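To start, the structure under review is shown below, and the notes come after it.
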Amino acid sequence: HEDFTLLWLIAVRDYWAYTGDREFVAEMWPTVQRIWQSESWRAGESGLWDLNHHRAFFDWGCLASERSGSGHAGINILRIAAARDCAELAAVIGEDTSRFERHSVETERAVVDHLWCKNSGRFRPSLDASTPGLHANVLALWAE
């Protein structure tokens with residue numbers, strides 16, 4: 001599940017934050033890099049990742065229609081958080097952080113530019129969706 005892959009990146013950062021185990025970060029770093037280089041992740045014209053033809057879970061309460069879509073809010077919000085956390089991990093082991101920092105900023109800008117609904121004060125779950133997007137909006141609050 002693509003959302004779990006990004007949650008794993010976040011969990012590696014959380015483990016480091018709780019333990020201070022730099023050796024663990026260094027050991028996991030090749031896997032972190034492979035995840036970001038995966039061909040599964042493709043941005044559309046909007047700069048957002050899609051969840052069409054992918055598997056995502058998010059939560060049992062997530063509407064089935066909100067588990068996929070072009071420019072998917074949930075996966076992109078997790079993407080922002082994972083990129084921020086990977087920048088922190090990179091700094092811990094002396095790697096360049098700029099790629100992850102830039103990725104986070106650019107994705108956040110794309111999410112706001114393409115998915116924010118000013119009239120309703122919330123994010124749409126994907127570019128072509130009109131449902132409430134509860135999970136996307138809760139994730140946005142968490143990732144803030």
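For Arg122, the residues 5 or more places off, or on other chains, whose built amide H falls under 5 Å of its own are Cys117.
Evaluated with a Cβ-only charge set (Lys, Arg +1; Asp, Glu -1), the chain carries a dipole of roughly 360 debye about its Cα centre, given to the nearest 20. Here region 103-144 is treated with +1 on each Lys and Arg Cβ and -1 on each Asp and Glu Cβ, and its dipole about the Cα centre works out to around 180 debye. Per-peptide packing, taken as the mean over residues of other Cβ atoms within 10 Å, places 72-79, 31-38 in the sequence 72-79, 31-38 from highest down. Note on surface exposure: Cys86, Cys117 rank Cys117, Cys86 by accessible area, highest first, 1.4 Å probe.
Simple rule: put +1 on each Lys or Arg Cβ and -1 on each Asp or Glu Cβ in the chain, find the dipole, and look at Ala91, Asn76, Ser40; the Cα lying farthest toward the positive end is Asn76. Rounded to the nearest 500, the helix-only mean residue ellipticity at 222 nm of the chain stands at -19000 deg cm²/dmol, with each DSSP H run of n ≥ 4 adding -39,500 (n - 2.57).
The values are calculated or read from the model by the stated rules, or taken from the named source; none is laboratory data. No experiment lies behind these values; they were computed from the predicted model shown. Virtual Cβ from ideal backbone geometry, glycine too; neighbours counted across all protein chains shown. Ligands, DNA and RNA are excluded from the accessible area calculation, which covers all protein heavy atoms including side chains. Shrake-Rupley method; radii C 1.70, N 1.55, O 1.52, S 1.80 Å.
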